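The values are calculated or read from the model by the stated rules, or taken from the named source; none is laboratory data. Values in this document were obtained by computation on a predicted structure and should not be read as measured data. Cβ placement follows ideal geometry from the backbone for every residue including glycine, while neighbour counts extend to all protein chains displayed.
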Ligand SMILES: [Zn+2]
């Protein structure tokens, strides 16, 4: 993974918090985030390009687009973060701490500034508000999208035209998009490829255009080079299944001395037991067959790698049907499952039951695992998991 030092990440990037806006009358909102990780400048560069093109071509435009830069201090230094990962700590408690600046880290300051900007941008009705969060990876590989698995997010993801990875937010606590999904926005994470690969900027630029089209801000026929963009996405993901789910996360801490073996790409197939990394304690094997995902090829980060596996598209159709019919409300009548006393969106599940009623069933019904205690799992239904807003 050696890269020339003249890359944007290595040289750092100066940007104001608001990269730019484009607005024309009332209508949908698109909030774009770039550079939440400071060694991922591709998103910021792509957003500048799209805004320039919108201004130069004066395309017919509806509603509002705003492009926001994430970690300004880390972008300047070309580092993932200075003191802590800015894409963590978006729990109510973490946000409160950052806003009151009870911590002293560079990222507390960044988070407090971002919260203020996002509050202003998200004010009012959020039913037609989309948020995309642009990232890149330390490993090479094709572009893809990540999403909290709600039906509205799935529809948005399909309109982008890249493979979907489900379930990453169940492995990572306190990511920014999780909180924005909960606040009622339609959200997607977009991963464009390797941090310093110029093609990653191109992919992000294409993804932003697709998001503008999906939101009804511009029409495809007005976008310069639209067909070429679609074609470029098709070529970049050729031969890849369209849906994946995360099966495993290898956590790492600095003292582990974790070193990924060189040369792995995102979605590369691996056998169960294959040794893919070393750490102080010895060789690190893959626990089950699947595809290697987000292997760590940078100093900073606490995910060593993930394993994902293909999901048959029929599974998504079945689960969408069940959720629309609200079959999930029947789950509480099954043995070993109790509704939580104070939360209508939560189920408490006996782990002995969860052994035969697998995690997949709960995912299918739109629940995510939120807590594990000694004998119980706590599952929570995602809010805003339908086209129409419901009481939950
Ligand atoms: Zn990132």
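Determine, yes or no, whether residue 173 is surrounded by fewer than 21 Cβ atoms within 10 Å (Cβ to Cβ) and within 16 Å of the ligand (Cβ to nearest atom).
Yes; evaluated as a whole, the condition is true for this residue.
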message = List the strands (runs of 3 or more DSSP E) inside segment 110-179, counting only whole elements, that have at least 2 residues being within 19 Å of residue 29 (Cα to Cα) and modelled with pLDDT of 95 or more.
response = 129-137
query = What do you reckon, is residue 187 over 18 Å from residue 242 (Cα atoms) and either buried (at least 24 other Cβ atoms within 10 Å of the Cβ) or outside the structural domain of residue 63 (by TED's automatic domain parsing) (or both)?
reply = yes
task = Considering only residues that are more than 16 Å from the ligand (Cβ to nearest atom) and buried (at least 18 other Cβ atoms within 10 Å of the Cβ), look in segment 21-42 and name the one that is farthest from residue 70 (Cα to Cα).
result = 28
ask   = Somewhere in segment 29-42, is a residue touching a helix residue (DSSP H, G or I) at 6+ places or on another chain (Cβ under 7 Å), part of a helix (DSSP H, G or I), modelled with pLDDT of 95 or more and closer than 24 Å to residue 220 by Cβ?
value = yes
query = Are any of the residues in segment 59-71 touching a helix residue (DSSP H, G or I) at 6+ places or on another chain (Cβ under 8 Å), assigned to a loop (DSSP other than H, G, I, E, B), within 15 Å of residue 176 (Cα to Cα) and within 16 Å of the ligand (Cβ to nearest atom)?
reply = yes
task = Scan 122, 114, 118 and give me the residue that is out of contact with any helix residue (DSSP H, G or I) (no Cβ under 6 Å at 6 or more places or on another chain) and either within 16 Å of the ligand (Cβ to nearest atom) or over 17 Å from residue 21 (Cβ atoms) (or both).
result = 114
key: Index of the failed condition, residue 218 passing every other in (1) touching a helix residue (DSSP H, G or I) at 6+ places or on another chain (Cβ under 7 Å); (2) surrounded by fewer than 19 Cβ atoms within 10 Å (Cβ to Cβ); (3) part of a loop (DSSP other than H, G, I, E, B)   = (2)
Among the candidates 97, 86, 75, 45, residue that is part of a helix (DSSP H, G or I), over 17 Å from residue 211 (Cα atoms) and within 16 Å of the ligand (Cβ to nearest atom) = 75
inquiry  = Tell me the residue from 136, 181 that is outside the structural domain of residue 292 (by TED's automatic domain parsing), in contact with a strand residue (DSSP E or B) (Cβ under 9 Å, 6 or more places away or on another chain) and within 16 Å of the ligand (Cβ to nearest atom), please.
reply    = 136
message = Among the listed residues 88, 93, 130, 80, identify the single one that is crowded, with 21+ Cβ neighbours inside 10 Å and over 26 Å from residue 21 (Cβ atoms).
response = 80
ask   = Considering only residues of segment 235-268 that are loosely packed, with under 11 Cβ neighbours inside 10 Å and either outside any loop (DSSP other than H, G, I, E, B) or at pLDDT below 95 (or both), which is farthest from the chain's Cα centre (by Cα)?
value = 255
message = If a residue must be in contact with a strand residue (DSSP E or B) (Cβ under 9 Å, 6 or more places away or on another chain), outside any helix (DSSP H, G or I) and at pLDDT 70 or above, how many such residues does segment 299-336 contain?
response = 11
